[in-house]
Amino acid sequence: MKRKILASLLGVAGSIAMVASSHGQGFIFFENYAPDVNAPVTFGTTANVSGVNGVSGSTVGSEFTAALLYSLDGGNTFTLLTQAAANNPGYPTAFNSTDGNTANGAGYFTPANPIVTIPGYTTGPISFIVQAYSGGSSYATATWNGQSPVLTMSGIATGTTQPGDMVGLQSFTVNPVPEPGIFALAGLGAAALMGIRRKK
């Protein structure tokens, strides 16, 4: 009888542990300017696309949005953090200023409430990619976009621990997104060149 009770208790404890781990979450400050983070986003080329007049090397303005991808499996797969999952109505966030001067906040996103929730995180390393985009409702539909190199951290805050900054985040550039028609023309051009070479 004692064995049955003990087995039942262990089963309940195991179930509770599984539920707790499945509902794990971590927290981090989502901003690229903080006491230990300075990673402004700049234009990678000079172009005027969809009303955005980018100048190579200058910082992006408030027409750009910043979003976050995270990976819990060592960077093999990344998941886009949604507003609902982030538990933050100000996420994804716009950059601070339209002025191309970092002294005025251009190139930086530092929202009033920068804390975002990372669902499914319990402990250990986690990887991030920051995306910046403009001219569309998402990175995939934008006319300008770019993303940071992968940032892998040894861990982030959980529970009531104070969240930390994205220490190690690197600056990156944004560039115009080629229209699908350009890719199609490039493909036709390549096919024509292959045809010419075969005839020779």
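Read-outs: derived from the displayed coordinates by stated rules, not from any lab. In this text the structure is predicted, and so the values were computed from the model without any measurement. Positions of Cβ are backbone-derived with ideal geometry, glycine not excepted, and every protein chain shown enters the neighbour counts.
Can you give the local net charge around P114? Use residues other than it whose beta-carbon is closer than 14 angstrom to its beta-carbon, Lys and Arg +1, Asp and Glu -1.
Working: positive: none; negative: E31, D36, D165.
Summing Lys/Arg as +1 and Asp/Glu as -1 gives -3.
Quick check: residue separation of T123 and Q25 times 0.36 nm, minus the Cα distance between them. What number comes out in nm?
Taking 0.36 nm per residue and subtracting the Cα distance, the gain is 34.4 nm.
In nm, what is the difference between 0.36 nm times the number of residues separating V167 and S50 and their Cα-Cα distance?
38.8 nm
Please give the contour-minus-distance gain from D36 to N76: 0.36 nm per residue of separation, less the Cα-Cα distance, rounded to one decimal in nm.
Working: separation 40, 0.36 × 40 = 14.40 nm, distance 2.71 nm.
Length difference between fully extended and current span is 11.7 nm.
Please turn the phi angles of segment 161-173 into ³J(HN,Hα) values with the Karplus equation 6.51 cos²θ - 1.76 cosθ + 1.60 (θ = phi - 60°), one per residue in order, whole Hz, x for glycine and proline.
Per-residue couplings from phi come out as 5, 5, x, x, 7, 7, 5, x, 4, 9, 4, 8, 10 Hz.
Just want the ordering: F64, F29, from fewest to most Cβ atoms lying within 10 Å of their own Cβ.
Taking fewest neighbouring Cβ atoms as first place, the list is F29, F64.
Show the residues, 5+ positions off or on another chain, whose built amide H is closer than 5 Å to the amide H of F30.
I115, V116
Could you list D73, D165, D99 in order of exposure, starting from the residue whose Cβ has the fewest other Cβ atoms within 10 Å?
D73, D99, D165
Mind sorting Y33, Y133 by how few other Cβ atoms lie within 10 Å of their own Cβ, fewest first?
Y33, Y133
Taking every alpha carbon pair in segment 25-192, what does the distance histogram look like in 10 angstrom bins from 0, in percent?
For segment 25-192, the pair-distance distribution reads 10, 38, 32, 15, 5, 1, 0.
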